[in-house]
C-alpha cells in the first residue's frame, strides 16, 4: 500500500519524512503546523508495515526481514526499534493502545482508529456538497487561498529563521542527514533541500555537490516510478550491468549531475566534496579513468575523505583490480577510524559496504562492531565478532570488545 500519511489514533505520520503530529481534522489543519516529533526512518517503516497488517499478528522475522533486508541484526534490535516507536507514540507497553506484544509470536497493531488520509481529504477539495454550486466554488477558493497563505507563512518563517543562522549551511546539513538514509523518500527530501540551499546561495559548492550525489543515487537505486516497488540493487556494478544509467531519463539526469559537480569544483576547487561528487557522476557514466582521477583529487584535498576511498575501491572492484580494491578499502577504514566519533551515522553504511565485498575483513569487522556498540546493539556486535572467530580463528574485535 502506498500512502503519504497514516493516522493512528490521535497521531498523524508523514510517510516520506517520519514527521509526527497530533491530528486535527481536516488534514490541512495539521500539516501546516510544525511537527511535534520525527520518527526515525526504521520506526516509521515499522509503523507503516504494521498498519498495512492492522489487527494481524506480524512475526518478528517478518519485521526483521522488512526493516533490515540483507543486514545482520538480532531480535534485540527489533525490540529497541519497537521501544523507540512506542515512546514517540506515548504507547505504554503494559497497557498498549497502539502496538501489542505477543510473546514468542510477534507484534500487532491494535489501534482503534487507523486511516490513510488522501490528497482529497486535505481540505483542498470538498467531497460532499452542502452548499449551492456558486457558494461551493467561493468557499473552495477561499479554503485553497487560506491553506496557501498558511503554508507560505510557515515556509517564510522557516527560511527566515535559517537565514539568520546561515540558511544554506543549515539546509545542506539537513539534506545530508536525509541523503545518508539511502531511502527513496529521504533522497527526494534531500534533493528538495539541496535545491533550496542553492536557491539561497547559487555559488554554494557544497549544495551543488550534494545535489549531484543525490541525482546519481536516483539513477542507480530508484530508476522506476515511486508508485512501484523499489528495485533491489547491491552496488554500482549491478546497476551498470542492468543498464540503469542508459535510459533517456537517466542520461539526462546524469548530464545534469555532471554539470552540477563541475560547477561545484569550479566554485570550490579546494573542497573534496565537489571532486568526490564529480567522481561519482563519472563512475555512473562508466568513465572510470576520470572517476579515479576525481576521487584521488578528493583524497589529496582531504585525507579523511573515506567515502572517496571506498568509491575508489568500488571502481577498482568493477575493473577486477582486487588488490587495489582491498588497498583502498583498508585506507578507508583508517580514515573512518580518525573521524568516526563525528561521523558515526555516515560511517555505518561504509562498513556494511566493505563487509559485503569481503565478509571476513578484520578491519571492517572491528569497525562495524564498534559502530554497533555505540548504537546500542551489543548483541549484534558480539555475534559478529564470534562468527569471525569461528570462521577465521582469530579475534578481529580486540579494539571493539573483549571476546571470550
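The values are calculated or read from the model by the stated rules, or taken from the named source; none is laboratory data. Note that the coordinates shown come from a computational prediction; the quantities given were computed from them, not determined experimentally. Backbone-built Cβ (ideal geometry, glycine too); neighbour counts: all protein chains shown.
Quick notes
- Residue in the stretch 204-217 that is in contact (Cβ under 8 Å) with a residue 40 or more places away in the chain, surrounded by fewer than 15 Cβ atoms within 10 Å (Cβ to Cβ) and either outside the structural domain of residue 66 (by TED's automatic domain parsing) or over 15 Å from the mean Cα position of the chain (by Cα) (or both) present: no
- Scope the stretch 210-228; condition under 21 Å from residue 286 (Cβ atoms) and either in a helix (DSSP H, G or I) or in contact with a helix residue (DSSP H, G or I) (Cβ under 6 Å, 6 or more places away or on another chain) (or both); matching residues: 212, 213, 214, 215, 216, 217, 218, 219, 220, 221, 222
- The stretch 105-123: number of residues that are farther than 17 Å from residue 8 by Cα, in a loop (DSSP other than H, G, I, E, B) and modelled with pLDDT under 85: 1
- Applying the condition of being more than 19 Å from residue 7 (Cβ to Cβ) and in contact with a strand residue (DSSP E or B) (Cβ under 7 Å, 6 or more places away or on another chain) to the stretch 71-106 and asking which residue is surrounded by the most Cβ atoms within 10 Å (Cβ to Cβ) yields 82.
- Of the numbered criteria (1) crowded, with 19+ Cβ neighbours inside 10 Å; (2) modelled with pLDDT under 85, the one residue 250 fails is (2).
- In the stretch 193-203, residue nearest to residue 267 (Cα to Cα) [restricted to those that are in contact with a helix residue (DSSP H, G or I) (Cβ under 8 Å, 6 or more places away or on another chain) and surrounded by fewer than 20 Cβ atoms within 10 Å (Cβ to Cβ)]: 203
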